[in-house]
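Below is one structure; the comments refer to it alone.
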Amino acid sequence: MNDIAAAQDRKLERRGFYRMTLRLTLPIVLQNLMDSAVNAADVVMLSFVSQTALSASSLAGQVQFVLSMIFYGLSGGAAVMCSQYWGKGDTRTIEKVMAIAIRMTIVISLAFALAAWLAPAWLMRIFTADEALIDAGCQYLRAIGAAYVFNGFCSIYLCSMRSVERVVMSAAVHGAAVALNVLLNACFIFGLGFFPELGIVGVALATSITRAIELVVCVIDSRLCRRVRLRIGDFFARYAALTRDFLKYALPSMANDMIWGMAFTMYSVILGHLSSDVVAANSLNATVRSLATVVCFGCSSSAAIILGKAMGDNRLEDARRYAGRLARLSAYTAIVGGLIILATRPLLLQLTGSGYFKLSDEARGYFSIMLFISSYYALGQSVNTMLICGIYRAGGDVKFGLFTDLFSMWAYAVPIGFFSAFVLKLPPMWVYFILCLDEFVKMPVIIRHYFKFTWLKNITRDDV
């Protein structure tokens with residue numbers, strides 16, 4: 001009877017765990033899905049303008065991509081601390097951590113905004129030598145600079161809200177902003193109603209307006225929130241111990257995401273110097289892959305909350321058991337995502353060849369091969385993201401991912417990619433295939449590190 005009761009308890013515990021995971025993951029997935037959807041909408045609408053507009057926005061968007069990796073790293077550092085202090089029940093410390101993170105984010109995003117306003121041509125020449133793409137990209141960068149600052153503030157605030165399990169609120173605010181962004185994109189790109197027809201500039205202007213409104217909503221929400229809130233005094237106070245802790249976890253996370261983001265930017269540089277057809281195909285492929293892996297990345301975000309809360313409450317054995325379930329879940333969802341890419345590939349190829357998208361025949365051929373590669377690349381990307389960004393970071397183990405990405409991307413993928421493209425002069429799709437081996441180069445080391453369980457620890461302070 002005792003065995004039967006124990007088995008029943010384990011069954012109920014597993015069921016409760018997966019209900020909790022679904023409750024946290026679903027809003028995050030919907031938020032990520034809407035982010036991917038707005039990128040897809042931009043691609044679709046700009047494809048009606050011209051292939052130049054599509055390619056230029058993709059390349060100029062790499063600046064925002066690098067900045068978003070910085071935001072993601074800083075958010076990761078904040079989430080490590082906020083989720084563990086949430087498990088401990090110390091909400092006042094969470095408010096202080098949030099203020100420290102937002103203050104740092106604003107400084108960094110201002111630097112990027114100034115570069116976009118004052119030196120857009122220099123930024124564009126990093127990615128391409130095509131003058132038409134440079135001119136269009138400069139217009140885009142000047143219009144989107146302000147959005148960098150607004151987005152930095154909102155990213156930290158909404159991530160902190162997710163860490164205290166306000167995932168529905170975070171998804172609702174960001175989801176509404178995304179819906180508004182898509183609407184304004186259509187209005188400014190095509191000149192609907194009384195809106196001027198601005199083309200590629202309209203995409204950037206719509207994003208800036210949307211992010212400004214999102215920031216105002218976040219500030220209002222903070223004044224109404226009963227769990228944690230922004231306090232003006234915290235932005236000017238000096239919390240030495242907490243700042244050291246934040247830098248300890250945020251800087252390696254930020255460095256990790258920066259080198260990851262910059263490596264992907266270098267991939268775009270390599271592909272951008274091959275041909276505009278490759279750039280256009282990669283723009284569409286990246287959008288499809290992000291849609292197919294949206295559940296995987298949502299799971300890794302919820303993993304950081306679930307595991308951080310358990311570790312902050314000193315339930316380390318529970319956290320260890322939860323981590324195993326979440327790692328398996330990331331693999332299953334990635335396999336499903338890869339199958340979705342393969343299943344939709346014929347339809348996507350038909351759409352790109354039917355006149356709905358202004359892709360050349362050569363770009364369409366590249367797109368076909370990229371989709372196939374992405375169908376299995378999703379597995380490596382999902383499992384590695386869950387382990388590095390979800391499981392390891394939840395326990396404060398932020399340096400391991402930095403070193404593995406530094407090796408796999410900067411010692412392997414980037415130099416080998418350049419060598420393959422510009423010395424060996426391999427066909428573009430062979431270069432793309434080589435670049436997409438980066439996740440599988442590091443996967444054995446990452447999995448081996450998991451079974452050491454050195455990432456399993458409580459990082460909170462009692463003397464804040």
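Observations on the structure shown:
- Residues of the stretch 272-287 satisfying the condition of being of a type in the set (A, V, I, L, M, F, W, C) and buried (at least 23 other Cβ atoms within 10 Å of the Cβ): Val278, Val279, Ala280, Ala281, Leu284
- Qualifying residue in the stretch 34-48 (condition: out of contact with any Phe, Trp or Tyr (no Cβ under 8 Å at 6 or more places or on another chain), more than 24 Å from His273 (Cα to Cα) and at pLDDT 70 or above): yes
- Scanning the stretch 404-418 for residues that are surrounded by 14 or more Cβ atoms within 10 Å (Cβ to Cβ) and either in contact with a strand residue (DSSP E or B) (Cβ under 9 Å, 6 or more places away or on another chain) or not aliphatic (A, V, I, L, M) (or both) returns Thr404, Asp405, Phe407, Ser408, Trp410, Tyr412, Gly417, Phe418.
- Exclusive hit being part of a helix (DSSP H, G or I), surrounded by 20 or more Cβ atoms within 10 Å (Cβ to Cβ) and hydrophobic (A, V, I, L, M, F, W, C), set Val431, Val441, Val445: Val431
- Residue in the stretch 349-358 that is within 23 Å of the chain's Cα centre (by Cα) and under 14 Å from Asn282 (Cβ atoms) present: no
- Subset of the stretch 438-464 that is without any contact (Cβ under 8 Å) to a residue 12 or more places away in the chain and of a type in the set (D, E, K, R) - its residue that is nearest to Gly89 (Cα to Cα): Asp462
- Screening the candidates Tyr450, Tyr377, Tyr392 for the property of being aromatic (Phe, Trp, Tyr), under 20 Å from Ala323 (Cβ atoms) and within 22 Å of the chain's Cα centre (by Cα) yields one hit, Tyr392.
- Scanning the stretch 238-269 for residues that are farther than 15 Å from Cys389 by Cβ, part of a helix (DSSP H, G or I), modelled with pLDDT of 85 or more and not hydrophobic (A, V, I, L, M, F, W, C) yields Thr243, Arg244, Asp245, Lys248, Tyr267.
- For beta carbons closer than 7 Å, sequence separation of 6+ or different chains, a first residue in the stretch 188-202 that is on the phi > 0 side of the Ramachandran plot and a second that is in a loop (DSSP other than H, G, I, E, B) and not β-branched (Val, Ile, Thr), the qualifying pairs are Gly191/Glu197.
- The stretch 129-158 residues that are hydroxyl-bearing (Ser, Thr, Tyr), paired with ones that are outside any helix (DSSP H, G or I) (beta carbon under 9 Å, 6 or more apart): Tyr157/Leu230
- Put simply, of Ala132, Ala136, Ala147, Ala143 the only residue that is surrounded by fewer than 20 Cβ atoms within 10 Å (Cβ to Cβ) and in contact with a helix residue (DSSP H, G or I) (Cβ under 7 Å, 6 or more places away or on another chain) is Ala132.
- Contact map, the stretch 228-242: first residue surrounded by 10 or more Cβ atoms within 10 Å (Cβ to Cβ), second residue of a type in the set (Lys, Arg), Cβ cut-off under 6 Å, separation 6 or more or different chains; pairs are Asp234/Lys96; Phe235/Arg103; Tyr239/Lys96; Leu242/Lys96.
- Scope the stretch 61-81; condition at pLDDT 85 or above and either over 19 Å from the mean Cα position of the chain (by Cα) or farther than 21 Å from Met311 by Cβ (or both); matching residues: Phe71, Met81
- Scan of the stretch 448-464 for residues that are assigned to a helix (DSSP H, G or I) and either of a type in the set (S, T, N, Q) or surrounded by 14 or more Cβ atoms within 10 Å (Cβ to Cβ) (or both), ordered by number: His449, Tyr450
The values are calculated or read from the model by the stated rules, or taken from the named source; none is laboratory data. Values in this document were obtained by computation on a predicted structure and should not be read as measured data. Positions of Cβ are backbone-derived with ideal geometry, glycine not excepted, and every protein chain shown enters the neighbour counts.
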